[in-house]
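Written below as structure tokens is the structure these notes are about.
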Amino acid sequence: MAAASAVRALGRRSRQVFDIFVAEVPWTVSSKELKEYFSQFGSVQRCQLPFDRDTGFHRRYCWIKFTTPEDVQNVLQKDSHILEGSKV
């Protein structure tokens, strides 16, 4: 029983996260559009675009979670990323 718990705990600790932080996201861009755009660089697990409760608008930044570190490297190799005419 203790061995199974240790294996589960080890599995949780060994999970790696490959996130990038994206700033200056235009107001008109949705999380779906962000996920579609960044999918060209690799497998996107999640796009987290936080919203402001008071205004109802997103906060103009997000986190994109990728499956592998190579996916992140693919994003970083491109000089600039343009969404709806704005550099992010």
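The values are calculated or read from the model by the stated rules, or taken from the named source; none is laboratory data. This structure is a prediction, so every number in the text was calculated from the model and none was measured. Virtual Cβ from ideal backbone geometry, glycine too; neighbours counted across all protein chains shown. Surface areas here come from the heavy atoms of the whole protein model, side chains and all, with no ligands, DNA or RNA. Shrake-Rupley method; radii C 1.70, N 1.55, O 1.52, S 1.80 Å.
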Where Asp71 falls short, out of the listed (1) within 15 Å of the chain's Cα centre (by Cα); (2) under 12 Å from Val29 (Cα atoms): (2)
Would you pick out the residues in the stretch 52-74 that are of a type outside the set (Val, Ile, Thr) and in a loop (DSSP other than H, G, I, E, B)? Asp52, Arg53, Asp54, Gly56, Phe57, Arg59, Arg60
If you check every pair at least six apart or on different chains, which have Cβ atoms under 7 Å apart with a residue in the stretch 37-53 that is over 11 Å from Thr67 (Cβ atoms) and polar (S, T, N, Q) first and a residue that is open to solvent by less than 30 Å² (accessible area, probe 1.4 Å) and part of a strand (DSSP E or B) second? Gln48/Cys62
Of all residues in the stretch 13-30, which are more than 10 Å from the chain's Cα centre (by Cα) and closer than 18 Å to Gly85 by Cα? Ala23, Glu24, Val25, Pro26, Trp27, Thr28, Val29, Ser30
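Search the stretch 12-30 for residues being open to solvent by 50 Å² or more (accessible area, probe 1.4 Å) and of a type in the set (Val, Ile, Thr), and hand back the single one that is modelled with the highest pLDDT. Even if it seems obvious, please write down each step before you answer.
Taking the stretch 12-30 and keeping what is open to solvent by 50 Å² or more (accessible area, probe 1.4 Å), we get 12-17, 19, 21, 24, 27-28.
Filter again for of a type in the set (Val, Ile, Thr), leaving 17, 28.
Numbers: Val17: 73, Thr28: 94.
Taking the candidates together, the pick is Thr28.
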Kindly establish whether Arg60 is at pLDDT below 95 and among the basic types (Lys, Arg). no
